[in-house]
Each structure stands twice: as structure tokens, then as C-alpha cells.
Amino acid sequence: PLVQDRLSFYQKISKVFAVDDLFEIKEEFLDRFGVFGKNIENLFLITEIQCLLYPHPVSKCKISTSDVVFIFEEEQEKIPTESLLTTIRGAAKNTGTPFKVSPNDARSLKVSFKVKSLGVARDLALNFSKNFSVIVSRLSL
């Protein structure tokens with residue numbers, strides 16, 4: 001494949017904000033270039049997590065071989081602090097992985113999970129992001 005074609009897809013991926021749009025790009029990428037490797041699969045997974053969390057008060061998601069950390073900024077006009085804390089705990093419990101919620105600074109909360117591998121970390125981050133998005137969308141109804 002031409003470098004320009006791949007760059008065009010990377011630009012599309014970097015501009016996407018909705019999971020449905022990302023899946024369309026993924027299908028188009030697959031049709032155009034065939035089966036892709038682990039690096040591209042990781043790119044789509046990380047972008048899916050970003051799309052799920054984009055509309056919510058998440059300022060950071062760190063995924064490593066030993067832990068997954070989410071930083072939530074307090075945005076009282078969107079989700080009151082108590083509701084945010086309840087939502088975070090609910091989404092975290094649904095992962096089935098022990099977690100810790102603690103203050104990050106005066107205006108943010110940190111949710112951390114200990115993991116044993118990068119694969120587990122990626123899957124956990126996606127699972128938590130999906131759970132959190134679903135719970136918040138129910139609150140918004």
C-alpha cells in the first residue's frame with residue numbers, strides 16, 4: 001500500500017470521536033489493506049477507548065504492563081461529584097478487577113487497577129470505558 005493511503009487513514013482515525021465512525025474506518029482499512037498487525041489493532045483499540053471517554057470528564061487514561069489509571073476531572077455542571085463517584089465505582093466493579101479510587105488533586109479523582117500484562121490492561125481499559133459510558137448515558141436520560 002502507498003504511504004499516502006496509510007497516512008490518510010491515520011488522519012481519519014485521529015479525527016474520529018464516535019465509536020460507530022471508528023468501526024466504519026476500521027472496515028474500510030480492512031477492505032483496503034487486508035488483515036492488519038498488532039500495532040494497528042492496538043491503534044484501533046486505543047482510539048475506541050478515546051471515543052468512549054471523549055464526551056466524559058476523563059482527562060487521562062494510562063495503560064501499562066502493571067496498571068491502568070484513569071483521571072477524572074470534576075465537572076459539576078455535567079455530573080455532580082457524588083454521581084461521578086458512584087458511576088466510577090459502578091463501572092470499576094463491573095470489570096471484576098480490584099481497583100482504588102483516590103483524590104488526584106483538588107479537582108480530580110484517580111481510578112487505578114493493578115494488572116499483570118499489557119494485554120490484560122488493554123482489555124480492562126476498554127471494558128471499564130464501555131461500562132462507564134453506559135452508566136453515564138443512563139444518568140443522562
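With both labels modelled 7 Å from their Cα along Cα-to-Cβ, the Ser59 to Phe17 distance reads 2.0 nm. Over the range 38-113, what is the relative contact order in whole percent, taking alpha-carbon pairs under 8 Å and six or more residues apart? With pairs under 8 Å counted, the relative contact order is 27 percent.
In the range 8-141, the alpha-carbon atoms span a convex hull of 112 Å³ per residue. Determine, from the Cβ-Cβ distance of Val134 and Asp5 and an R0 of 35 Å, the FRET efficiency 1/(1 + (r/R0)^6), rounded to the nearest 0.05. Efficiency for this residue pair is about 0.50. The stretch between Asn42 and Val101, if pulled fully straight at 0.36 nm per residue, gains 18.6 nm over its current Cα-Cα span. Just the protein heavy atoms count here, and of the accessible area of the chain at 1.4 Å, carbon and sulfur take up 54 percent. Sparsely packed loop sites in the range 1-49 (the chymotrypsin sites (Phe, Trp or Tyr not before Pro) outside DSSP H, G, I, E and B with at most 11 other Cβ atoms within 10 Å) comprise Phe17. If the segment from Val120 to Leu85 were pulled out straight at 0.36 nm per residue, it would be longer than the present Cα-Cα gap by 10.2 nm.
Scalar couplings 3J(HN,Hα) for the range 130-139, obtained by applying the Karplus form with A = 6.51, B = -1.76, C = 1.60 to θ = phi - 60°, are 5, 4, 4, 4, 5, 5, 5, 5, 5, 5 Hz; x denotes Gly and Pro. Based on C-alpha pairs under 8 angstrom that are at least 6 apart in sequence, the chain has a relative contact order of 24 percent. Per residue, the chain exposes an accessible area of 60 Å² to a 1.4 Å probe, with every protein chain left in place. When the helices of the chain are scored as -39500 (n - 2.57) per DSSP H run of n ≥ 4 and the total is divided over every residue, the value at 222 nm lands at -19000 deg cm²/dmol. Loop-located trypsin sites (Lys or Arg not before Pro) in the range 80-141 (DSSP state other than H, G, I, E, B) with a sparse environment of at most 16 neighbouring Cβ atoms within 10 Å: Arg107, Lys116.
The values are calculated or read from the model by the stated rules, or taken from the named source; none is laboratory data. Since we're looking at a predicted model, the values are computed, not measured. Every residue, glycine among them, receives a Cβ derived from its backbone with ideal geometry; neighbour counts consider all protein chains shown. Calculation scope for accessible area: heavy atoms of the full protein, side chains included, ligands and nucleic acids excluded. Shrake-Rupley method; radii C 1.70, N 1.55, O 1.52, S 1.80 Å.
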